[in-house]
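Undergrad: Take this structure, written in structure tokens, and hold onto it; I'll ask about it next.
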Amino acid sequence: MNPQRTVLRGGHVITMDDTIGDLPVGDVLIEDRSIAAIGPSIDAADAIVVDARGAVVMPGLVDTHRHTWQTQMRGICADWTLNDYFLGMRLAISPAYTAEDVYIGNYLGAVEALRSGVTTILDFSHCNNTPDHADAAVRGLQDAGIRALHCYGFFAPSRGTTDFPTHETRLADFERVLRRYGTSDGLVTIGSALTEVATIPWAATVMEVEATRRLDARMVLHTGCQWGSVMTMGVREMDAHGLLAGDQVHVHCNTLDESEWKMLARAGARVSISPETELNMGMGRPMVAECLRHRIHPTLSCDIISLNSGDLFTQMRLAIATARFGDNDTIHRSGAMPEKLSVTSKEALRWATLYGAEACGLDDRIGSLRPGKQADIIVLGGADSMAFRPCVEPAGSVVFQATAHDVRDVFVAGKAVKKDGVLLGVDVPALMGRAEESAARILAGIRRSTPDFPSRAGQRASYDAFEKLAKQNLAGAWPPA
């Protein structure tokens, strides 16, 4: 059987591969799921031709932390702090989600990502109220056709649920999901999302890490994002117990001190930065400079569409601006101007492509364009794309000019999922209708039971109670076994 062949012809090819480099005018040949060849001119007379002249051809973007299930809650967190989010989204809205709501959120969120050129997401999925919720989350990703590291969340939003009467039953359901969906040749890989350290007994945290490693899976966790609190801390404790390793993605990390950064670096742990969330919700400055100083490859995420935009172009712009501002500010305070910028746009592109693939354990398949890798490719620009007309500095235009509108074509494992600016195989009006119905149903139910939602009344007392419990939980980590 002859393979399906497609050639992307005549674009400016940004490979993110140091050996191949970039081609000002080049071709990329796709055969079935993989990249067959890259060169200035490829003889592929029998291939489908995609005219990429005047456009940029590059690896699909990789988002290393997205709570995809929240997509239909778009914008509800616009004026919420992180504490508001935890009490409102995690403890009020999440328990109100049905399995169908999770499916809609994941399907819509994955489609939005693809539309924006994000071909891979680390799906931090912590709305597993029942096993049906967990299955629905995976099906939403599969039906959208996105590549994903789906990280099964152990967090228990509905404390009284009979579906998971013990923590062990949640761990068992994680194993069920991994064995059912985690095939090596599929687009969806299964990992785990740890419950925030200190919000559960330390022994339960150890169980989550050990269960994940026993199944040879990767894990993600929120780390160091709650100032003045022990919640989301635990780097020291994990280091002392030998739990830190390169199979972890630590998200945010805003409150960590120098010694904790050294622990992450020594362990080879990965870091995901969510600039839009961190700057708006009170978490602090995005930690790009700290990653670079400790030789940890920064990666980027959209985090929560209940607050943020769903594209990585926004996150790249905010991240590089923050990094440059920090370095320039030091020079300004000496009474001088910078002679050069410390971070380049090409480096920011690496955060959103190859480094993201590394964090997800997928860099042998995606993240750069190289023969033999999977054909996760995006084409940016076109006749009506002002961001790339003229295209004087391609990497700079991608980082500083591009929007989702400029994403013309998207391929995942060689399959076109967006062509000439149009999503393929998606009934967008029907999907949006389902999302609106889902959001209205969820919020109506919450407001019937909590008429003043999302009022902040009583939240301080609730937060103080959580903090007291968290201190007790983290104290259980000492002395190390």
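The values are calculated or read from the model by the stated rules, or taken from the named source; none is laboratory data. Predicted, not measured: the structure shown is a model, and the values here were computed from it. Using ideal geometry, Cβ is built from the backbone for each residue, glycine included, and neighbour counts are taken over all protein chains shown.
Undergrad: Run down Ala245, Ala265 and say which single residue is more than 23 Å from Cys77 (Cβ to Cβ), among the small types (Gly, Ala, Ser) and in contact with a helix residue (DSSP H, G or I) (Cβ under 8 Å, 6 or more places away or on another chain).
TA: The unique qualifying residue is Ala245.
Undergrad: To continue, here is another question. Can you name the residue in region 1-31 that is surrounded by fewer than 16 Cβ atoms within 10 Å (Cβ to Cβ) and not β-branched (Val, Ile, Thr) and, of all such residues, is modelled with the lowest pLDDT?
TA: Once the filter is applied, the top-ranked residue is Met1.
Undergrad: For region 310-338, enumerate the residues that are closer than 30 Å to Gly75 by Cα, assigned to a helix (DSSP H, G or I) and of a type in the set (D, E, K, R).
TA: Arg317, Arg324 - these are the residues of region 310-338 that are closer than 30 Å to Gly75 by Cα, assigned to a helix (DSSP H, G or I) and of a type in the set (D, E, K, R).
Undergrad: Same structure, new question: For region 402-415, which residues satisfy the criterion of being without any contact (Cβ under 8 Å) to a residue 60 or more places away in the chain and surrounded by fewer than 20 Cβ atoms within 10 Å (Cβ to Cβ)?
TA: Within region 402-415, His405 is the sole residue that qualifies.
Undergrad: Suppose we keep only residues that are farther than 20 Å from Ala156 by Cα and among the hydrophobic types (A, V, I, L, M, F, W, C) within region 191-224. Which one would you say is surrounded by the fewest Cβ atoms within 10 Å (Cβ to Cβ)?
TA: Leu215
Undergrad: Looking only at residues that are under 18 Å from His133 (Cβ atoms) and small (Gly, Ala, Ser) in region 168-190, which one is surrounded by the fewest Cβ atoms within 10 Å (Cβ to Cβ)?
TA: So, considering only residues that are under 18 Å from His133 (Cβ atoms) and small (Gly, Ala, Ser), the one surrounded by the fewest Cβ atoms within 10 Å (Cβ to Cβ) is Ala172.
Undergrad: Where in region 55-167 are there helices (runs of 4 or more DSSP H), lying fully within it, with 3 or more residues that are at pLDDT below 95?
TA: Passing ranges, in order: 82-85.
Undergrad: Does Ala37 meet the test of being part of a strand (DSSP E or B), farther than 21 Å from Gly421 by Cα and in contact with a Leu (Cβ under 6 Å, 6 or more places away or on another chain)?
TA: Yes.
Undergrad: Take the residues in region 330-352 that are among the polar types (S, T, N, Q) and at pLDDT 95 or above; name whichever of them is nearest to Pro3 (Cα to Cα).
TA: The qualifying residue nearest to Pro3 (Cα to Cα) is Ser345.
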